[in-house]
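Worksheet: one structure, shown below.
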Amino acid sequence: MRYRSYTPVAAQSAMDFINGWFGARGVETTRYHGAGPRGEMTALVVRVGSGEPKILLHGHVDVVPGEESQFEPREEADELYGRGVYDMKGALAAMMYAIEDLKALGCEATVELLVVPDEEDEHGWRTGAELLIANGHVGDFLITGEPTDFHIGTQAKGVLDLRVTLRGKSAHGSQPWLGKNAALLAYEHYRRVVDLPFAGQRSDLFPYPSVNLARIIGGDVLNRVPDRCTYDLDIRYLPNQDPKEIVRQIRSIDLPAEVEVLFYREPTYVSRKNPYVKALREVAARNFQGNPVGVGRHGASDVVYFQRAGVPGVEFGPVGGGHHGPNEYVVTSSLETYRRMIVQFVQIVGRNGETG
């Protein structure tokens with residue numbers, strides 16, 4: 001947690017630490033190098049067992065930026081606080097120990113732990129996950145340790161990032177009525193976006209899509225009416241929605257706006273009846289007092305890249321809260337439970353062979 005891995009250099013240092021951790025335990029690792037948006041990045045693979053099926057465990061070392069104090073872990077009762085402990089260094093650490101356990105126990109299945117440094121990045125380059133997939137690291141089922149409080153994330157919203165530019169007319173700031181304020185046009189445009197039909201739709205696991213006004217840039221000096229304003233929208237759309245239709249609706253707004261698609265990522269989906277999902281739920285119910293149901297995830301994850309490669313996957317992680325916020329924490333005891341769950345899941349599907 002002390003690695004400030006919102007920077008590429010610190011993320012690679014965290015990868016080096018993990019590589020050394022396994023090396024000190026006599027567990028062989030494989031590293032792959034590729035070009036990322038901010039320089040060279042490294043992805044890491046650890047493999048144990050050689051039987052069927054092949055289970056992939058996935059974790060990322062990078063975090064979003066935080067307050068300096070968040071990189072000094074502190075513990076209060078059964079809660080561990082710090083940047084990334086819930087999303088998802090806590091789960092990753094538990095997976096590392098689970099790999100060590102499986103090696104000691106003798107693993108009937110094949111298990112690969114895939115560690116990437118760039119899950120939180122704004123993408124546009126080939127990601128660490130795609131680098132691993134290109135090198136043949138696919139399997140029968142994937143678990144990523146994203147935070148879920150021991151529920152099983154069987155669906156995730158898609159991502160549609162848009163840039164909207166409004167053009168107005170400049171004028172002297174003392175006579176704004178002579179101009180057309182592009183910043184006010186942008187506000188009005190966004191207000192109309194959230195009232196469009198797509199924003200009020202729902203699905204079986206989601207009550208609504210997410211529409212976040214993520215960035216806004218407009219104006220240059222105080223004494224002039226801004227004639228141009230740009231804002232970025234981060235839309236997380238539902239599995240039953242068409243992103244092209246969402247863009248069409250936004251472009252139909254009767255204001256002088258240019259709408260540019262910056263990034264697109266499809267939703268993820270795996271059936272709750274999938275035999276690996278059922279086995280994971282059985283293990284979760286055995287160790288968790290609540291009801292570990294299949295849930296929809298508002299955020300996206302690297303599951304999508306494995307789905308494209310034909311690998312079904314879920315988000316499944318320990319208990320906590322506040323990820324990406326000022327008070328991020330994980331319930332410490334849930335990490336040991338999570339470690340035990342991963343081992344038990346692999347043992348069950350390994351004994352059953354080809355579960356699917």
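Could you tell me the extents of the range 167-251's C-alpha atoms along the three principal axes, largest first, rounded to whole Å?
Taking max minus min along each principal axis of the Cα atoms, the range 167-251 gives 52, 18, 18 Å.
Would you mind getting me the FRET efficiency between N212 and E282? Use the beta-carbon distance for r and R0 = 35 Å, nearest 0.05. The partial results should precede the final answer.
Values: r = 36 Å, r/R0 = 1.03.
Once rounded, the FRET efficiency stands at 0.45.
What's the FRET efficiency of R224 with R192 using the Cβ-Cβ distance as r and R₀ = 22 Å, to the nearest 0.05?
Working: r = 26 Å, r/R0 = 1.17.
Calculated value: 0.30.
In the P(r) worked out for the chain, what percent of Cα pairs fall beyond 40 Å? Write out the running numbers ahead of the final one.
Working: 12571 of 63190 pairs.
Roughly 20 percent, once rounded to a whole number.
Of I152, P209, T337, which is farthest along the charge dipole of the chain in the positive direction, counting Lys and Arg as +1 and Asp and Glu as -1 at C-beta?
Of the options given, the answer is P209.
If we count GluC sites (Glu not before Pro) as exposed when they sit in a DSSP loop and have at most 15 other beta carbons within 10 Å, what is the longest stretch of the chain that avoids them all? Present the calculation step by step, with values, prior to reporting the outcome.
On the way: sites that count: E28, E67, E122, E354.
My reading of the result: 123-353 is the longest stretch.
Running Debye on the range 1-121 with equal point scatterers at the Cα sites and no solvent, what base-10 log of I(q)/I(0) appears at q = 0.15, 0.19 Å⁻¹?
Each listed q maps to, in turn, -0.70, -1.03.
Under the Kirkwood approximation applied to all pairs of distinct alpha-carbon atoms, what is the hydrodynamic radius of the range 143-190 in Å? Kindly include the intermediate steps, with their values, before the conclusion.
Values: mean 1/r = 0.0669 Å⁻¹.
Value: 15.0 Å, from the Cα pair sum.
Report the equivalent ellipsoid semi-axes for the range 65-110 in whole Å, largest first, defined as the square roots of five times the eigenvalues of the gyration tensor built from alpha carbon atoms. Provide the component values of the computation, followed by the final result.
On the way: eigenvalues 176, 27, 9 Å².
Taking √(5λ) for each eigenvalue gives 30, 12, 7 Å, largest first.
Just the number: Rg to Rh for the range 33-96, Cα atoms, Kirkwood Rh, two decimals.
Working: Rg = 15.5 Å, Rh = 14.5 Å.
Computed over Cα atoms, the ratio is 1.07.
For labels at A35 and S333 in the simple 7 Å Cα→Cβ model, what's the distance in nm?
For A35 paired with S333, the spin-label model returns 5.1 nm.
Under 9 Å from the Cβ of P209, count the other residues' Cβ atoms, weight Lys and Arg +1, Asp and Glu -1, and hand me the total.
Working: positive: K157, R202, R236; negative: none.
Here the count lands on +3.
Readers should treat all values here as calculations from the given coordinates under stated rules, not as data from a laboratory. Note that this is a predicted model, so its numbers are computed, not measured. Please note: Cβ atoms are built from the backbone with ideal geometry, for glycine as well, and neighbour counts cover all protein chains shown.
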